[in-house]
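Read the structure below first, then the notes.
The values are calculated or read from the model by the stated rules, or taken from the named source; none is laboratory data. This structure is a prediction, so every number in the text was calculated from the model and none was measured. Neighbour counts are summed over all protein chains in view; Cβ atoms, including those assigned to glycine, are modelled from backbone coordinates with ideal geometry.
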């Protein structure tokens, strides 16, 4: 959601909203319904219609066909709430998603990462750090989790730890704008407190070479 808010420009085909609404009404199976719903929610996110997204989720979440998708639905409701900057509500949805017995490993990692993100906006930086460290333990290659950890540490004045977390996020994201921005800003703000980048450079090359051979 933070990457969406900061840098993503969506191009939504004309008529996609109405098509996805009709597809959701006509869907007969849980798989058809979740596909149509996710398409509709992408339109809602792009157009800022987050309340519509939440209302649609509320309408379908009790559908027996959607029982196995309940964790995903609650996660998506958290996304819509975060789009409204209602981070307390988003945290509640993510926590309920995490409590569901049926969920994929990727869903688990994404949910824990989002809980870290929401707690940053709630300015509960200790809790954000805990969620971020948990997300990293579950998915050590998640650059968003490392970025969230960096933000939480920075706000706790743990500057060297924040720098290293941002640095890891830059490596794992292969130089995406968000972690680069955080790393650059921190380096400029605390030039005497951050580690010597020249000393870290051999480690950077080694890790980048390893990561570039992996696919995610």
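A few remarks follow.
- Region 32-42, subset more than 18 Å from the chain's Cα centre (by Cα) and surrounded by 20 or more Cβ atoms within 10 Å (Cβ to Cβ), residue farthest from residue 69 (Cα to Cα): 40
- Given (1) over 23 Å from residue 71 (Cβ atoms); (2) outside any helix (DSSP H, G or I), index of the condition residue 152 fails: (2)
- The residue list 46, 90 contains one member that is in contact (Cβ under 8 Å) with a residue 12 or more places away in the chain and out of contact with any helix residue (DSSP H, G or I) (no Cβ under 8 Å at 6 or more places or on another chain), which is 46.
- Counting only helices (runs of 4 or more DSSP H) that sit completely within region 1-110, those holding 2 or more residues that are closer than 23 Å to residue 145 by Cα and either modelled with pLDDT of 95 or more or in contact with a strand residue (DSSP E or B) (Cβ under 9 Å, 6 or more places away or on another chain) (or both) correspond to 70-83, 87-99.
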